[in-house]
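The values are calculated or read from the model by the stated rules, or taken from the named source; none is laboratory data. As the structure is a computational prediction, the values presented were derived from the model and not from experiment. Neighbour counts are summed over all protein chains in view; Cβ atoms, including those assigned to glycine, are modelled from backbone coordinates with ideal geometry.
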Amino acid sequence: MPSDDKVMQAARLENWQLLYNPFHEQFALAGNVYGHPRLQDTHLIVTSRIPAFDGMVLSDVHLEEGQVVLTLNTAYTLGKVKSETS
């Protein structure tokens, strides 16, 4: 569970999708970032890996809007997921 400080400082990720690297069995996120301390708003990014999901399979990973996800470097609050048509 992320600390309250991390949640309060979390950048928001919109139009996001989960990415999986099967070679390393690691997950990351891609999407448009807002409120990141080092990146411009709406910048399309790929995050660093999500350590909590290391070694998991896709069917075990469940993410939803409003959830806070910790990568190696940043906490992200998830906004709307990327739709199939966008």
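Across the range 53-71, which residue is farthest from Gln17 (Cα to Cα) among those that are surrounded by 12 or more Cβ atoms within 10 Å (Cβ to Cβ) and not polar (S, T, N, Q)? Spell out the reasoning first.
Initial filter on the range 53-71 (surrounded by 12 or more Cβ atoms within 10 Å (Cβ to Cβ)): 53, 56, 61, 63, 68-71.
With not polar (S, T, N, Q) added as a condition, the list becomes 53, 56, 61, 63, 68-70.
On the way: Phe53: 15, Met56: 17, Val61: 12, Leu63: 10, Val68: 14, Val69: 13, Leu70: 15 Å.
Top of the filtered list is Met56.
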Q) Yes or no: Val46 in contact (Cβ under 8 Å) with a residue 12 or more places away in the chain, of a type in the set (Val, Ile, Thr) and in contact with a Phe, Trp or Tyr (Cβ under 8 Å, 6 or more places away or on another chain)? A) no
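Only one of these is in contact with a strand residue (DSSP E or B) (Cβ under 9 Å, 6 or more places away or on another chain), under 15 Å from Leu78 (Cα atoms), loosely packed, with under 15 Cβ neighbours inside 10 Å and at pLDDT 90 or above: Val7, Val46. Name it. Quick ask: steps written out before the conclusion?
Details: Val7 fails: at pLDDT 90 or above.
One residue alone meets the criteria, Val46.
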Q: Give the range 58-85 a look and list any residue that's farther than 15 Å from Ala10 by Cα, under 12 Å from the mean Cα position of the chain (by Cα) and outside any loop (DSSP other than H, G, I, E, B), or say none.
A: Val81
Q.
Here's a check for you: in the range 27-42, which residue that is more than 14 Å from Asn73 (Cβ to Cβ) and under 14 Å from the mean Cα position of the chain (by Cα) is surrounded by the most Cβ atoms within 10 Å (Cβ to Cβ)?
A. Gly31
